[in-house]
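Input: a single structure, listed below in structure tokens.
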Amino acid sequence: MTTEDSETAILTFLSASPETVIEDTYPWSQSSNLDHKTVVGAIKSLLADQYVVVENLETSFYAFTEEGQSILDNGSQEILVLKALNEAGKLSIPDLQAKVGKDVAKIGMGNCMKAKWIKKDGQDLVPVAKEDEVEDTVRKQLQGLSDADFKIDALSDQDAKDLKRRKCINLVTVKSHRVSRGPAYQPQRVKKAADLTKEMLDSGAWETAEFKPYNFLVLGEKVGGGFLHPLLKVRAEFRKILMEMGFQEMPTNKWVESSFWNFDSLFQPQSHPARDAHDTFFIKEPAQTVSVPEEYYERVRTMHEIGGAGSIGYRYDFRREEAMKNLLRTHTTAVSSQMLYKLANQPGGFKPARYFSIDRVFRNETMDATHLCEFHQVEGLVADYNLSLGDLIGTIETFFKKIGITQLRFKPAFNPYTEPSMEIFGYHPDLKKWTEIGNSGMFRPEMLQPMGLPENVRVIAWGLSLERPTMIKYRISNIRDLFGHKVEMARTQNAPICRFEDATSSA
Ligand code: PHE
């Protein structure tokens, strides 16, 4: 029987007359062959829509235990023992136990002795009375209770206590209801619609349909939407920090670049080992880029071949074919050089600028626990008049302070496109050790001059990976747990939001 069946039964019962009531749902359910719990569920549902009104009832009554039922059916233990002894004349205790069972023998013997119905004769027990001469009080009490519909007042307090002690009865309390018609009573339940559907609109059923009221207290459903990958969370933080520092984001939505922008414009010689297929992924189709700004190309070629701006260049034959090769960019500095070229050649001429980007780069690396063939680079640059190395150090210090790293050390390094170049080491408060956290430098005049930037414009720049700080932040030691097809979805779903301790605000 379903809740709906019970609903129907209740409404039908109440349809007899406006005054009809269900006095008590408990006996009513029993006599209607319905499960009381289901009836109560149906009443709650009907009550919510005001089909019925209810009064709460609480009824206590006695119920037989298994033992109580058995006594009612077969007689008490003492009567069973007395019967057995009268049948046999006399019995030893083990024989009696074998005949009536251990439990019955134990309780029955005790009670028979107390009532002086039996006595001991050496090792044996002999009856003193006949079972039809004595009264089976317990059975009579139980019979009386059953006749009185198990009502509480059918037993005296003392009898109730005795029967409970003998584990014949239990007191049961049932919560039930008195049910009568409610203000919205109808003999049949009209199902209220929870949603306005297309079908209702098509058929016109919406005009007569009854709708459920909004339940503003119901808990919202868990939104099964997307989850941000930890790298994206850290990227969002870095982006916020760099924007706060006045940096503008560069358009890095292009993974394929020409060697010209990725290397040549950065004054990286064409014979540089990084330009080998062992380090760089070259594109097969299309293998060559379509165009480069020709005038600028010529100036870059000249810079490589014979130099300028006080430099003697690399003194080799610059090959166009090499410059035109397409590749997956090995660093976002390929975008920085295009942005600087634009900055130098924009209408109105050069204006100071601060740029940043956070995006993917590709390198043909041997993969291990900390290296993949692709990663994300965070890159920043400032182009302005007469900048010095001090400006670079200051800018880098401000940036790292904002992600909670206050102690920095700089180590001379080499990049083809920067001079001086510095590796950045930071004392990591989480790891409690010095680690390399980035690379930086001032772009060489050999790179800036062919672009057409004014002579006293200097460009300071730095770069770091996004993976490194993310792995430290989220305590991930193998990069394969962070990026790629082996990443556990749950890890992404449960990753907390990323917040960096800004050391500039507390200073
Ligand atoms: N392009 C460098 C790298 O790939 C990072 C860098 C950017 C270094 C700007 C100096 C200046 O590591």
Residue check: is Ile497 more than 30 Å from Gly224 (Cβ to Cβ), aliphatic (A, V, I, L, M) and away from the ligand (no atom under 16 Å from the Cβ)? no
Here is a list of conditions, (1) touching a residue at least 24 places away in the same chain (Cβ under 8 Å); (2) surrounded by fewer than 20 Cβ atoms within 10 Å (Cβ to Cβ); (3) away from the ligand (no atom under 15 Å from the Cβ); (4) farther than 21 Å from Ile241 by Cα, and Asp430 meets all of them except one; can you say which number that is? (4)
Segments classed as helices (runs of 4 or more DSSP H), wholly inside segment 1-118, with at least 2 members that are assigned by TED's automatic domain parsing to the domain that holds Ala194 and under 30 Å from Gln186 (Cα atoms): 3-14, 25-31, 36-48
If we take segment 349-420, then strands (runs of 3 or more DSSP E) inside it with 3 or more residues that are among the acidic types (Asp, Glu), within 16 Å of the ligand (Cβ to nearest atom) and assigned by TED's automatic domain parsing to the domain that holds Gln338 are 374-385
Taking segment 314-348 and keeping only residues that are touching a residue at least 40 places away in the same chain (Cβ under 8 Å), outside any loop (DSSP other than H, G, I, E, B) and under 19 Å from Phe282 (Cα atoms), one is left with Glu322, Ala323, Lys325, Asn326, Leu327, Leu328, Thr333, Ala334, Val335
Among (1) assigned to a helix (DSSP H, G or I); (2) within 13 Å of the ligand (Cβ to nearest atom); (3) not assigned by TED's automatic domain parsing to the domain that holds Gly394, there is one condition Met303 misses while meeting the rest; what is its number? (2)
Members of segment 276-321 that are in contact with a Pro (Cβ under 8 Å, 6 or more places away or on another chain), loosely packed, with under 14 Cβ neighbours inside 10 Å and at pLDDT below 95: Asp279, Gly310
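Yes/no per residue for (1) part of a helix (DSSP H, G or I); (2) surrounded by 11 or more Cβ atoms within 10 Å (Cβ to Cβ):
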site: Val138; (1), (2): yes, yes
site: Ser146; (1), (2): yes, yes
site: Asp149; (1), (2): no, no
site: Ala160; (1), (2): yes, yes
site: Val174; (1), (2): no, yes
Which listed residue, of Pro469, Pro445, is assigned by TED's automatic domain parsing to the domain that holds Leu343 and crowded, with 22+ Cβ neighbours inside 10 Å: Pro469
Mind telling me which of the residues Gln50, Gln30 ends up being surrounded by fewer than 14 Cβ atoms within 10 Å (Cβ to Cβ), of a type in the set (S, T, N, Q) and in contact (Cβ under 8 Å) with a residue 40 or more places away in the chain? Gln50
Is it the case, given these coordinates, that Glu7 is modelled with pLDDT under 95 and under 17 Å from Gly182 (Cα atoms)? yes
Quick one: how many residues across segment 448-507 are modelled with pLDDT under 85 and among the acidic types (Asp, Glu)? 2
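Rundown of residues vs (1) assigned by TED's automatic domain parsing to the domain that holds Lys44; (2) within 26 Å of Ala42 (Cα to Cα); (3) of a type outside the set (Lys, Arg), yes/no style:
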| residue | (1), (2), (3) |
| --- | --- |
| Asn170 | yes, no, yes |
| Lys175 | yes, yes, no |
| Gly182 | yes, yes, yes |
| Ala193 | yes, yes, yes |
| Leu196 | yes, yes, yes |
| Lys212 | yes, yes, no |
Where residues in segment 233-275 are assigned to a helix (DSSP H, G or I) and charged (D, E, K, R), which of them is surrounded by the most Cβ atoms within 10 Å (Cβ to Cβ)? Asp264
Within segment 438-491, can you find the residues that are within 16 Å of the ligand (Cβ to nearest atom), over 26 Å from Phe350 (Cα atoms) and outside any strand (DSSP E or B)? Leu466, Glu467, Arg468, Pro469
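Let's see how each residue does on (1) among the hydrophobic types (A, V, I, L, M, F, W, C); (2) farther than 19 Å from Glu87 by Cα; (3) without any contact (Cβ under 8 Å) to a residue 40 or more places away in the chain:
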{"position": "Glu133", "(1), (2), (3)": "no, no, yes"}
{"position": "Gly144", "(1), (2), (3)": "no, yes, yes"}
{"position": "Ala148", "(1), (2), (3)": "yes, yes, yes"}
{"position": "Arg165", "(1), (2), (3)": "no, yes, yes"}
Given the conditions (1) in contact with a Leu (Cβ under 8 Å, 6 or more places away or on another chain); (2) closer than 20 Å to Glu7 by Cα; (3) free of Cβ contacts under 8 Å to residues at least 60 places away in the same chain, which single one is not true for Trp206? (2)
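The values are calculated or read from the model by the stated rules, or taken from the named source; none is laboratory data. Being a predicted model, the structure only gives us computed values, none of them experimental. Neighbour counts run over all protein chains shown; Cβ positions are idealised from the backbone, glycine included.
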